[in-house]
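Below is one structure, written out as structure tokens; the observations come after it.
The values are calculated or read from the model by the stated rules, or taken from the named source; none is laboratory data. Note that this is a predicted model, so its numbers are computed, not measured. A quick note on method: Cβ atoms are made from the backbone with ideal geometry, for glycine too, and the neighbour counts reach across all protein chains shown.
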4 protein chains.
Amino acid sequence: MSLNSFGRLFRVTTWGESHGPAIGCVLDGVPPRIVLSEDDIQPFLDKRRPGTSRFVTQRQEKDQVAILSGTFEGQTTGTPIALEIQNQDARSSDYGNNQDKFRPGHADYTYQGKYGIRDHRGGGRASARETAMRVAAGAVARKILGSEIRVRGALIQLGEKKIDRANWDWAATEGNPFWCPDASAVGEWENYLDGVRKSGSSVGAVVEIEASGVPLGLGAPHYGKLDADLTAAMMSIHAVKGVEIGAGFAAAALSGEDNADEMRSGADGEVEFLSNQAGGILGGISTGQDIQLRFAIKPTSSILNPRRSINLAGEDTDISTTGRHDPCVGIRAVPVGEAMMACVLADHLLLHRAQCGA
Amino acid sequence: MSLNSFGRLFRVTTWGESHGPAIGCVLDGVPPRIVLSEDDIQPFLDKRRPGTSRFVTQRQEKDQVAILSGTFEGQTTGTPIALEIQNQDARSSDYGNNQDKFRPGHADYTYQGKYGIRDHRGGGRASARETAMRVAAGAVARKILGSEIRVRGALIQLGEKKIDRANWDWAATEGNPFWCPDASAVGEWENYLDGVRKSGSSVGAVVEIEASGVPLGLGAPHYGKLDADLTAAMMSIHAVKGVEIGAGFAAAALSGEDNADEMRSGADGEVEFLSNQAGGILGGISTGQDIQLRFAIKPTSSILNPRRSINLAGEDTDISTTGRHDPCVGIRAVPVGEAMMACVLADHLLLHRAQCGA
Amino acid sequence: MSLNSFGRLFRVTTWGESHGPAIGCVLDGVPPRIVLSEDDIQPFLDKRRPGTSRFVTQRQEKDQVAILSGTFEGQTTGTPIALEIQNQDARSSDYGNNQDKFRPGHADYTYQGKYGIRDHRGGGRASARETAMRVAAGAVARKILGSEIRVRGALIQLGEKKIDRANWDWAATEGNPFWCPDASAVGEWENYLDGVRKSGSSVGAVVEIEASGVPLGLGAPHYGKLDADLTAAMMSIHAVKGVEIGAGFAAAALSGEDNADEMRSGADGEVEFLSNQAGGILGGISTGQDIQLRFAIKPTSSILNPRRSINLAGEDTDISTTGRHDPCVGIRAVPVGEAMMACVLADHLLLHRAQCGA
Amino acid sequence: MSLNSFGRLFRVTTWGESHGPAIGCVLDGVPPRIVLSEDDIQPFLDKRRPGTSRFVTQRQEKDQVAILSGTFEGQTTGTPIALEIQNQDARSSDYGNNQDKFRPGHADYTYQGKYGIRDHRGGGRASARETAMRVAAGAVARKILGSEIRVRGALIQLGEKKIDRANWDWAATEGNPFWCPDASAVGEWENYLDGVRKSGSSVGAVVEIEASGVPLGLGAPHYGKLDADLTAAMMSIHAVKGVEIGAGFAAAALSGEDNADEMRSGADGEVEFLSNQAGGILGGISTGQDIQLRFAIKPTSSILNPRRSINLAGEDTDISTTGRHDPCVGIRAVPVGEAMMACVLADHLLLHRAQCGA
């Protein structure tokens, strides 16, 4: 029942602080005899890594992952896989003069209130640095899912700027620093975010994650529902404030007729859905259609512009955060969201096999 | 790791089908010496009960709850509390001619696909009848929370019709069949939903749940986050397609300045927040402000108007559902959402006491 | 993490008190499409039922089980199975004059100390009546295990009287009221236990449980070890004070040579073990040999002969228990031990399938 | 539900292989603001460390533990504590010529059978080296328990040699290489084990663990019973084949009168027990008396004397293990048993606080 673990059979436990010696995770329940080395994990970490463009934090971390257990001669053994990344560029001095102040919108105040102590250096445990281990776990999860199941993500809204879905091109996401699937929006986004960054402010974003090739039958009513587990996984990502699946909030305004994904017998005897308002999940169980979800990320709380706050002593103060931060944390949340989707699906694949033998 | 359970220390397990002999739940982890009888639970069930207005299903169920264990002389004993409701008005004949067809938007197809068998009568386990036990569990959770913590819900959007938040009045929610907090909207809503109902269609809704009096410090990073648990709890409710907390999806378009809930030292030495974009949760931990979340409900899938579908044999067919259904399941989802909020908070209250001793 | 549940994938949750209206359990994770009706469960309950001989409690309970959910047209649906037994012969008056006294060796004192309240009627939740639901769960577990895996139990020691293992005959266990596998011991046991009963005393026992046909590979290092789960399951049975597997405590005095179960290549290419000191489990994983364990049951705590104790007020008192009790609870523990073995094996069968696909 | 984790609120997850780069664990749920550094943990690891006498393995490991997360300025922060030990003296060459053979009594055969792959080097994950992390976890658990609760262990049987309990002296356990509480037995034990060692054989042992100062009320019926959790914890230790609490297996032969721990009102108003057959636990809940349990350890499976076995190809072979092994693994199991007791008690202390607020 660890509070720093998720998953039921494919179980991920993360540990580590932003400015501690290292961060790591333990992956339990991984099936044996899966080919796995650091080379399977590192490319995903590189996608999430800080310092890759001027639109993300300039903190320099190589994020070089090491597998410390659970493999033998290049294959998984069925025993727990420990992954670890040494922290390198932890400039705690950046935070020194704010250590007794609570950054509005950040977890400083709640950690202090809950625990009566907090590691203020770089946000400590609350730092988005923790998401590196999610990405590493997701890479292993993808190996469990196999090549038939494909998980991809995209940034579909940057602050006030939305993409035109008519321009959607998955290939485009690899060609710009935003994972934006609408190539025509990229230029405007660059200017927009440069402006935000230079003004010392920040903005939020909306991320979309899609999984294709997911078989019919993953998930379980009522509290092991696939959508419930997916939304919890996404909501657990730093700065996420909303999650929706398929039509999502727009479903509220639909008629029963428009919302119903009608079915026809397909050419090959497979069922054919005429729409996907459900986002690939009905009754908490996958339909075999693409699983589609979106989540909203709030603006980075650490901003240069001063805000009113209080300090540890409860006195009024102002705070301005001068460390190296992402003007929009939503960008680096794309590979994190993909990883969480992969982890939840891997877990449910094993769960389904356990109960239904498939 | 039961798939039909939720909660970590206050643990709810539900069982039962729409047309079986009974439905029930087991509540484990309830603290001892809490005054509890059926009279504490029944009023909440009466709020959710079918047949209370023309806007909800006309199925007649008294939903009379019985406590079968876990209390002694009117107090909880610390042992599991079993609650049970006998099913009464289960008109399985309503469903007879559709039993081999998959209702679009419903869980028929996925249950059959996952398990290779399904109880088609009234939706079986997938029926929203299961939510009666959530409401019963929520009533017990409220006793754990005590009178300081207050959980309330409202319907803020019915199909395309939204309330004017300027008119918000909690008292109004008790005076109309929608739990609508904007009295001025009720007349229009009645006409609108009458039209939907008479046309054999259905619509979705948006529900808002608020908890006040929640102490600072509930929740835990990273996978026991209060918002992650709340989101999963809401998403597990039948027909929910999206959940957001505080500013939610709107946070994506905010600036860092606008999103930050500034703090000042209050008159009594308590911290005073100048806004609540966070919806009462930062870093997965409650701030002491009101917890505010919303969830979107899709339109009822069982509609009179025929839709295209397939049958068990995989053949094309049409389906029209003539049973007694809610034209908008969102209405009865209000007490269900309240109950889920209460259950999650009760669980985290116990978790926090365990780790931090408060 | 329910305290009244066990199992990871095949999950059993029990509820109910000795003198409440009913007792019951919820079984979650059962695979779908298993043929199951009350007739599959009742015979096992009848084995454990009170009042079957003069050597067990004379309380009259028909222990008629009802399946309230989770099956459809005689097969499991994959949804939770609720089982329930109405309590009938609850003579609370038997206990009236002792309700404020703590029976030595019983849970009265610890329940009161922990919870500050207890249902004193017939031991409340602490009553061995709870084991009826374990037996019912075990019957369902056997259906999951299939006919290849056979679970049997026997009483091998009654008070000071041990069987002669040279006389072991499984068939004999069905022919006497003790489940004794040594027919030659039965006469002496009858005289012995009659004496114990008439003297108002009680004795303990040792039970042996064996599972044959268990495939190689069930269990998992280190905290999902099959032997660790089996031990916990047995120790959770009322009055159990010790559990051992294979050579058990005798292994301490063995040499490494004698303890090692040597292996040879068998005629059919299967491995052949030359002994089974391990009791069928090595490194927490089943070897494919018979799984053999034993557990010790202490004497019934409720005895006629007066013992010194204290009361709720903390004052010295004497207590003599006049209710209808088993002179040796170990007898009825045989079917309970079998059931717990079946439940743990069913759980690990599903777990193994999940991770290793077999 | 991780298979390599135990505990409910104080949650221990271990990872690592005997000959991998490192071993480690993650401790979740630790209360905040506990003073903790490596100096609190290292002394316990030193007790378990290999190479401390001629009676334990001569493998040279400094077992220097590092805290990688979860503390700040010398105190716990409430976030997960990662502990790690680098492996140093891993002489894989010792094992080379046996890598395709299954050592009788060892987990080689079952790991291979379950996973279809195994890390044969030093036993891989099955190595007792894993217990170093249990000892480290136990050191942290002791900090949670506080100074009032004291956990101690002793070796009470070495092969065929038992102590005379009349000579029990806790202080003696620190003065000999066996943790033997009977100083008069030590000389004979030395000669005996020298003989065993020189003959290339091994023997088993019995360990006793005691916890004093445990408050009334820890544990919970029926599947969160303190004794069930304790026995599972002990049975999960490498080579353990039996566990008993209080009178244990001897309880089977007791009369109800002798087994009942009578109570009297003590001088200070506290209850006074006149005996402790229960070993400090009734109905799964601590009585406030000393908790006393024993577990049996089988002889080391890796012995010099050749045994018959098969190899990976299923062919008959002989095997003789020439690596550096303990002639009696029971000796080093004493600090491991203490650690497991401390971990289980810490977990139940938090659980009790959660439900009962004490």
If you take the residues of segment A:146-171 that are of a type in the set (S, T, N, Q) and surrounded by 12 or more Cβ atoms within 10 Å (Cβ to Cβ), which of them is nearest to the other protein chains (Cβ to nearest Cβ)? A:Gln157
Which condition number does C:Met235 fail, the rest of (1) within 7 Å of chain D (Cβ to nearest Cβ); (2) of a type in the set (A, V, I, L, M, F, W, C); (3) surrounded by fewer than 24 Cβ atoms within 10 Å (Cβ to Cβ) being met? (3)
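Please tell me if C:Thr300 is at the interface with chain D (Cβ under 7 Å from one of its Cβ atoms), closer than 30 Å to D:Leu274 by Cβ and β-branched (Val, Ile, Thr).
Working: at the interface with chain D (Cβ under 7 Å from one of its Cβ atoms): yes; closer than 30 Å to D:Leu274 by Cβ: yes; β-branched (Val, Ile, Thr): yes.
Yes, satisfied.
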Could you tell me which residue of segment B:172-193 is nearest to the chain's Cα centre (by Cα), considering only residues that are crowded, with 19+ Cβ neighbours inside 10 Å and among the small types (Gly, Ala, Ser)? B:Ala172
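Pick from segment A:1-38 the residues that are of a type in the set (Gly, Ala, Ser) and surrounded by fewer than 24 Cβ atoms within 10 Å (Cβ to Cβ): which of them is nearest to the other protein chains (Cβ to nearest Cβ)? Before you say what the answer is, go through the steps one by one.
Taking segment A:1-38 first, the residues of a type in the set (Gly, Ala, Ser) are A:2, A:5, A:7, A:16, A:18, A:20, A:22, A:24, A:29, A:37.
Narrowing the set further to residues that are surrounded by fewer than 24 Cβ atoms within 10 Å (Cβ to Cβ) leaves A:18, A:22, A:37.
Details: A:Ser18: 10, A:Ala22: 5, A:Ser37: 14 Å.
It comes out as A:Ala22.
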Cβ pairs under 9 Å, 6+ apart, first in segment B:237-252 and more than 30 Å from A:Val196 (Cα to Cα), second outside any strand (DSSP E or B) and of a type in the set (Asp, Glu): B:His238/B:Glu130; B:Val240/A:Asp227; B:Lys241/A:Asp227
Among (1) under 29 Å from B:Ser286 (Cα atoms); (2) more than 20 Å from the chain's Cα centre (by Cα), which single condition is A:Ser302 missing? (2)
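Can you find a residue in segment B:259-275 that is small (Gly, Ala, Ser) and within 22 Å of A:Ser236 (Cα to Cα)?
So the first thing to find is which residues in segment B:259-275 are small (Gly, Ala, Ser), and the list is B:260, B:265-267, B:269, B:275.
Filter once more, so that each one left must be within 22 Å of A:Ser236 (Cα to Cα): B:260.
Checked segment B:259-275: at least one residue is small (Gly, Ala, Ser) and within 22 Å of A:Ser236 (Cα to Cα).
It is to be established whether one or more residues within segment A:224-247 are of a type in the set (A, V, I, L, M) and more than 19 Å from the chain's Cα centre (by Cα). Full working, then the answer.
We begin by selecting, within segment A:224-247, every residue of a type in the set (A, V, I, L, M); these are A:226, A:228, A:230, A:232-235, A:237, A:239-240, A:243, A:245, A:247.
Now drop any that are not more than 19 Å from the chain's Cα centre (by Cα), which leaves A:247.
Yes - at least one qualifying residue is present in segment A:224-247.
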Here are some conditions: (1) within 21 Å of the chain's Cα centre (by Cα); (2) closer than 28 Å to D:Asp108 by Cα; (3) free of Cβ contacts under 8 Å to residues at least 60 places away in the same chain. A:Leu27 meets all but one. Which one does it not meet? (3)
Which ones in segment C:107-126 are within 7 Å of another protein chain (Cβ to nearest Cβ) and on the phi < 0 side of the Ramachandran plot? C:Ala107, C:Tyr109, C:Thr110, C:Tyr111, C:Gly113, C:Lys114, C:Tyr115, C:Ile117, C:Arg118, C:Asp119, C:Arg125, C:Ala126
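For segment D:186-214, what are the residues that are of a type in the set (A, V, I, L, M, F, W, C) and farther than 23 Å from D:Gly279 by Cβ? I'd like the intermediate steps shown before the answer.
To start, the set of residues in segment D:186-214 that are of a type in the set (A, V, I, L, M, F, W, C) comprises D:186, D:189, D:193, D:196, D:203, D:205-207, D:209, D:211, D:214.
The answer is D:Val186, D:Trp189, D:Leu193, D:Val196, D:Val203.
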Does segment A:126-139 include one or more residues that are part of a loop (DSSP other than H, G, I, E, B) and not charged (D, E, K, R)? yes
Evaluation of C:Gly78 against (1) at negative phi; (2) at pLDDT 80 or above (one fails), failing number: (1)
Can you go through C:Asp40, C:Asp63 and tell me which one is acidic (Asp, Glu), part of a loop (DSSP other than H, G, I, E, B) and in contact (Cβ under 8 Å) with a residue 40 or more places away in the chain? C:Asp63
State which residue pairs qualify: first residue without any contact (Cβ under 8 Å) to a residue 40 or more places away in the chain and inside segment A:332-358, second residue aliphatic (A, V, I, L, M) in any location, beta carbons under 6 Å apart, and separation of 6 or more residues or different chains. A:Arg353/C:Ala354
Of the residues in segment D:259-273, those that are within 31 Å of the chain's Cα centre (by Cα) and more than 7 Å from chain C (Cβ to nearest Cβ) number 2
Does any residue of segment A:57-71 turn out to be surrounded by fewer than 17 Cβ atoms within 10 Å (Cβ to Cβ), under 27 Å from D:Gly16 (Cβ atoms) and among the acidic types (Asp, Glu)? no
Report whether or not A:Asp46 is part of a loop (DSSP other than H, G, I, E, B), away from chain B (no Cβ under 14 Å) and at pLDDT below 95. no
Looking at segment B:166-179, can you tell me whether even one residue there is free of Cβ contacts under 8 Å to residues at least 24 places away in the same chain and more than 21 Å from B:Asp290 (Cβ to Cβ)? yes
So for segment B:288-307 (the condition being part of a loop (DSSP other than H, G, I, E, B), of a type in the set (A, V, I, L, M, F, W, C) and surrounded by fewer than 24 Cβ atoms within 10 Å (Cβ to Cβ)), does at least one residue qualify? yes
Of (1) touching a Ser or Thr at 6+ places or on another chain (Cβ under 9 Å); (2) within 7 Å of chain A (Cβ to nearest Cβ); (3) surrounded by 24 or more Cβ atoms within 10 Å (Cβ to Cβ), B:Leu218 satisfies all except one. Which? (2)
When the residues of segment B:149-189 are filtered to those that are of a type in the set (Gly, Ala, Ser) and touching a Gly at 6+ places or on another chain (Cβ under 9 Å), which remaining residue is nearest to B:Met340 (Cα to Cα)? B:Gly153
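With the structure loaded, tell me whether C:Ala247 is within 29 Å of C:Pro31 (Cβ to Cβ), at the interface with another protein chain (Cβ under 9 Å from one of its Cβ atoms) and either crowded, with 24+ Cβ neighbours inside 10 Å or out of contact with any Cys (no Cβ under 8 Å at 6 or more places or on another chain) (or both) or whether it fails that test. If you could, list the steps in order and put the result at the bottom.
Numbers: within 29 Å of C:Pro31 (Cβ to Cβ): no; at the interface with another protein chain (Cβ under 9 Å from one of its Cβ atoms): yes; either crowded, with 24+ Cβ neighbours inside 10 Å or out of contact with any Cys (no Cβ under 8 Å at 6 or more places or on another chain) (or both): yes.
Judged against the criteria, C:Ala247 is not a match.
Only one of B:Asp316, B:Asp229, B:Asp261, B:Asp268 is acidic (Asp, Glu) and closer than 30 Å to B:Ser5 by Cα. Can you tell me which? Walk me through it before giving the result.
Details: B:Asp316 fails: closer than 30 Å to B:Ser5 by Cα; B:Asp261 fails: closer than 30 Å to B:Ser5 by Cα; B:Asp268 fails: closer than 30 Å to B:Ser5 by Cα.
Within the list B:Asp316, B:Asp229, B:Asp261, B:Asp268, the selection yields B:Asp229.
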Within segment D:310-358, which residues are in a loop (DSSP other than H, G, I, E, B), within 10 Å of another protein chain (Cβ to nearest Cβ) and among the hydroxyl-bearing types (Ser, Thr, Tyr)? D:Thr321
